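First comes the structure, then the notes that go with it.
The values are calculated or read from the model by the stated rules, or taken from the named source; none is laboratory data. Everything quoted here is computed from the prediction, not taken from an experiment. Cβ placement follows ideal geometry from the backbone for every residue including glycine, while neighbour counts extend to all protein chains displayed.
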Amino acid sequence: MKNSTSLMFTSVMAAIGASLCCITPVLALIAGASGAASTFSWLDPARPYLIGITVLVLGFAWYQKLRPRSKEEIECDCDDETKPSFWQSKKFLSIITVFAALMLAFPVYADVFYPQQEQQAGVENQQILKSMVFSVSGMTCTGCEEHVHHEVNKLDGIVQVQASYESENAIVQFDTSRTSILEIEKAINSTGYKVTAMNKE
């Protein structure tokens with residue numbers, strides 16, 4: 001029975017580890033520690049392996065729970081009429097399985113934890129508008145994108161922000177009379193992700 005509990009604990013830790021790089025930005029937002037967002041981005045290359053470990057361990061745990069018992073196991077249980085604890089039950093394994101699935105899928109829905117920010121008023125004079133492409137390293141999921149988006153949008157004069165972890169950049173349109181490239185760079189760097197280059201769009 002202890003073996004079953006260890007398997008469940010291992011699967012939960014692997015599932016959390018698989019999405020930790022995307023969970024951290026949300027925790028950083030809640031805690032107000034924006035710079036900690038990229039702390040576990042180094043785990044992203046290991047994500048496929050951690051997902052595999054989670055699936056294999058949970059699959060084995062379910063196999064142990066559902067497989068038919070041998071004659072020897074049934075005879076051995078005759079003297080022990082104690083009911084298995086909740087922690088070793090199928091119900092608890094079901095809860096663990098659902099929790100692990102939610103953790104593995106976290107990068108897909110991470111953006112829902114970020115508050116929707118109101119779009120700033122449009123700029124009448126188009127000549128003071130500028131679009132810049134900031135190359136950003138360290139983003140690994142939609143949660144990372146939302147974190148960059150959230151921080152840049154705090155600046156005055158931001159018209160539009162499009163961050164992409166796949167393209168490894170953030171395209172920012174802004175009013176040059178109200179903010180600057182340096183301020184935008186600082187805002188992105190404050191998330192823990194780093195601006196590595198800047199180009200006009």
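Here is how the numbers come out for the structure above:
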| read-out | value |
| --- | --- |
| Qualifying residue in the stretch 75-84 (condition: surrounded by 10 or more Cβ atoms within 10 Å (Cβ to Cβ), at pLDDT below 85 and hydroxyl-bearing (S, T, Y)) | no |
| Whichever residue in the stretch 33-46 is more than 11 Å from the chain's Cα centre (by Cα) and either surrounded by 18 or more Cβ atoms within 10 Å (Cβ to Cβ) or among the small types (G, A, S) (or both) and, among such residues, is modelled with the highest pLDDT | A46 |
| Residues of the stretch 129-158 classified as in contact (Cβ under 8 Å) with a residue 40 or more places away in the chain, surrounded by 19 or more Cβ atoms within 10 Å (Cβ to Cβ) and aliphatic (A, V, I, L, M), total | 3 |
| Subset tally (residues that are touching a Leu at 6+ places or on another chain (Cβ under 9 Å), free of Cβ contacts under 8 Å to residues at least 24 places away in the same chain and part of a helix (DSSP H, G or I)) for the stretch 36-70 | 1 |
| Test: residue in the stretch 142-149 that is in the same structural domain as L50 (by TED's automatic domain parsing), within 27 Å of the chain's Cα centre (by Cα) and either assigned to a loop (DSSP other than H, G, I, E, B) or modelled with pLDDT of 90 or more (or both) | no |
| Residue match in the stretch 92-114 (condition: part of a loop (DSSP other than H, G, I, E, B), under 30 Å from M13 (Cβ atoms) and not acidic (D, E)) | yes |
| Counted residues, the stretch 160-179 - those being hydrophobic (A, V, I, L, M, F, W, C), over 15 Å from D111 (Cα atoms) and crowded, with 19+ Cβ neighbours inside 10 Å | 3 |
